[in-house]
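Below is one structure; the comments refer to it alone.
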Amino acid sequence: MKTVRITQQPVILIVNDDYQLFKGSGAELKRSCLHLRMYPAKPAEIIQLLKRICIKEQVKVDAKVLFSISETSEGDIRSAILHLQSISMNKKKVT
């Protein structure tokens, strides 16, 4: 809590279970936070995002690959982006 109180920079906490973070002595931290609930993205939304990333990065990725990434990420955009990054590293085409 001391770090959150004295820092001049925003602090972002990403948790799967905020109850575990705030239970017990975490009440002060809870009062200091803005809570944003995130919901899983739809596969179509993930595919569209990945397509935009591929265009910007000038990487051609087969549609089946993007679909597979969107399914395995289970709505987690961060996971989908990391997966795309790992399979396309140093490549211009992914099939």
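Taking Ala44, is it open to solvent by 50 Å² or more (accessible area, probe 1.4 Å) and of a type outside the set (S, T, N, Q)?
Numbers: open to solvent by 50 Å² or more (accessible area, probe 1.4 Å): yes; of a type outside the set (S, T, N, Q): yes.
Here the answer is yes, as Ala44 does meet what is asked.
Asn16 satisfies every condition listed in (1) among the polar types (S, T, N, Q); (2) open to solvent by 90 Å² or more (accessible area, probe 1.4 Å); (3) within 13 Å of the chain's Cα centre (by Cα); (4) over 30 Å from Lys2 (Cβ atoms) except (4).
Screening region 47-62 for residues that are closer than 15 Å to Lys92 by Cα and in contact with a helix residue (DSSP H, G or I) (Cβ under 8 Å, 6 or more places away or on another chain) and picking the one that is most open to solvent (accessible area, probe 1.4 Å) gives Lys60. Quick check on this structure: which one of Ile55, Ile6, Ile87, Ile14 is modelled with pLDDT of 95 or more and out of contact with any strand residue (DSSP E or B) (no Cβ under 7 Å at 6 or more places or on another chain)? Exactly one residue qualifies, and that residue is Ile55. Considering the conditions (1) assigned to a helix (DSSP H, G or I); (2) more than 14 Å from the chain's Cα centre (by Cα), Pro10 is excluded by exactly one of them, (1).
The values are calculated or read from the model by the stated rules, or taken from the named source; none is laboratory data. Since the model is a prediction, treat every value here as computed from it, not as a measurement. Heads up, the Cβs are rebuilt from the backbone with ideal geometry, glycines too, and the neighbour counts pull from every protein chain shown. The accessibility values were calculated without ligands, DNA or RNA, using every heavy atom of the protein model including side chains. Shrake-Rupley method; radii C 1.70, N 1.55, O 1.52, S 1.80 Å.
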